[in-house]
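Step one of this worksheet: look at the structure below.
The values are calculated or read from the model by the stated rules, or taken from the named source; none is laboratory data. As the structure is a computational prediction, the values presented were derived from the model and not from experiment. Ideal geometry is used to build each Cβ from the backbone, glycine not excepted, and the neighbour counts take in all protein chains shown.
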Amino acid sequence: MMETAPKKPVVLCFSGLDPTGGAGIQADIEAISAQGAHATSIVTALTVQDTHNVKSFQTISADIVIQQARAVLEDMPVSVIKLGMLGNIEIAEAIHSILKDYPDLPVIFDPVLAGGGGGKLAQQSLVDAIKILIMPLCYIITPNTLEARQLAKESDNNEAAAMELLDMGAEYVLLTGSHEKTRDIQHQLFSNNRLIEAFNYARLDNEFHGSGCTLAAAIAGLIAQGNEPVSAIHTALDYTYKTLQQAQHLGMGQLIPNRYYWIK
């Protein structure tokens, strides 16, 4: 009699659709699959973008977002929820209602406020809604330093901004440092009102499309597999770095992470 393969843990993803496949929901699917988990995909917005920048986007109906998510949640044993681009206040409110109904599911949030080329993906009204509706329900958030300072009142000091984000309710804040003007990159993990670990990586020469999505999704997949948060974050950082080391110049702009870098 053949042995039945163990079921993959399920991650419910809310993200925008990037037609290049570099970021957004496709990045989530690939990075989560690479951790041995199964990604279910709720698209929050349709974007017009290339590997240079986001040109425009159109959000999906909040009612459709809710209906899709609840259909999955009522059918499949979701272990983790991963959030990316939200798009507008209505979708933030819709996701808030879902998170309130499933308080035991850990939420991994990559607060996507701008595209890789700097194109704005969130108005100030949505930023305010995120702080009130989403942040208090998060387990791990993964803002870059620019996003952290935009979300926090403290706009000059990264550590103070991270502490403010913890005060909003997140258990862990992983502050990614690739946007800083430093020779090497340092990512800082905060919890319990203190810096608990720093992760250092050599800066790579290129710019990348979808690195933040890849990192947060990998963390979500590893949490779904039962990894402890610090271990999951460290493993996801190493995994993401390898996807960037072997990223591919598929377009004329930023390189796309190779999330299945071991496949030839």
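Within segment 199-222, does at least one residue satisfy the condition of being farther than 20 Å from residue 147 by Cα, at pLDDT 95 or above, surrounded by 24 or more Cβ atoms within 10 Å (Cβ to Cβ) and not aliphatic (A, V, I, L, M)? The answer is yes; a qualifying residue exists.
Residues being over 17 Å from residue 110 (Cα atoms), of a type outside the set (S, T, N, Q) and out of contact with any strand residue (DSSP E or B) (no Cβ under 9 Å at 6 or more places or on another chain): count how many of those fall in segment 136-161. Looking only at that region, the number is 4. Condition (residue is under 23 Å from residue 161 (Cα atoms) and within 15 Å of the chain's Cα centre (by Cα)) applied to segment 246-261: is it met by at least one residue? No: segment 246-261 contains no residue that is under 23 Å from residue 161 (Cα atoms) and within 15 Å of the chain's Cα centre (by Cα).
Residue check: is residue 18 of a type in the set (Asp, Glu) and either in contact with a Lys or Arg (Cβ under 7 Å, 6 or more places away or on another chain) or without any contact (Cβ under 8 Å) to a residue 12 or more places away in the chain (or both)? Don't jump to the end; show me each part of the working.
On the way: of a type in the set (Asp, Glu): yes; either in contact with a Lys or Arg (Cβ under 7 Å, 6 or more places away or on another chain) or without any contact (Cβ under 8 Å) to a residue 12 or more places away in the chain (or both): no.
Answer is no for this residue.
Name the single residue that is farthest from residue 137 (Cα to Cα) among those in segment 44-85 being of a type in the set (Gly, Ala, Ser) and within 18 Å of the chain's Cα centre (by Cα). Walk me through it before giving the result.
In the first step, residues of segment 44-85 are kept if they are of a type in the set (Gly, Ala, Ser); the result is 45, 56, 61-62, 69, 71, 79, 84.
Those still in the list that are within 18 Å of the chain's Cα centre (by Cα) too: 45, 69, 79, 84.
Working: 45: 22, 69: 17, 79: 15, 84: 14 Å.
In this case the residue turns out to be 45.
Do we find that residue 25 is surrounded by 23 or more Cβ atoms within 10 Å (Cβ to Cβ), in contact with a His (Cβ under 8 Å, 6 or more places away or on another chain) and either without any contact (Cβ under 8 Å) to a residue 12 or more places away in the chain or part of a helix (DSSP H, G or I) (or both) in this structure? Reasoning before the result, please.
Numbers: surrounded by 23 or more Cβ atoms within 10 Å (Cβ to Cβ): yes; in contact with a His (Cβ under 8 Å, 6 or more places away or on another chain): no; either without any contact (Cβ under 8 Å) to a residue 12 or more places away in the chain or part of a helix (DSSP H, G or I) (or both): yes.
So residue 25 does not fit the description; no.
With the requirement that a residue be of a type in the set (Gly, Ala, Ser) and within 12 Å of the chain's Cα centre (by Cα), what does segment 1-30 give you? So that I can check it myself, show each step before the final result.
Start the filter on segment 1-30 by keeping residues that are of a type in the set (Gly, Ala, Ser), which leaves 5, 15-16, 21-24, 27.
Residues satisfying the conditions are 15, 16, 23, 24, 27.
For segment 42-146, give me every one of the helices (runs of 4 or more DSSP H) that falls completely inside it and has 3 or more residues that are modelled with pLDDT under 95. Before the answer, list the steps.
Details: elements: 62-75, 89-101, 124-129.
Those helices (runs of 4 or more DSSP H) span 124-129.
Kindly indicate the residue of segment 1-20 that is surrounded by fewer than 24 Cβ atoms within 10 Å (Cβ to Cβ) and in contact with a helix residue (DSSP H, G or I) (Cβ under 8 Å, 6 or more places away or on another chain) and also nearest to residue 84 (Cα to Cα) among those meeting that condition. It would help to see each step written out before you state the result.
Going residue by residue through segment 1-20, those that are surrounded by fewer than 24 Cβ atoms within 10 Å (Cβ to Cβ) are 1-10, 17, 19-20.
Narrowing the set further to residues that are in contact with a helix residue (DSSP H, G or I) (Cβ under 8 Å, 6 or more places away or on another chain) leaves 9-10, 17.
Working: 9: 19, 10: 17, 17: 10 Å.
Only one residue fits best here, namely 17.
Consider segment 140-150 and keep the residues that are surrounded by 24 or more Cβ atoms within 10 Å (Cβ to Cβ) and of a type in the set (A, V, I, L, M). The one that is nearest to residue 192 (Cα to Cα) is 140.
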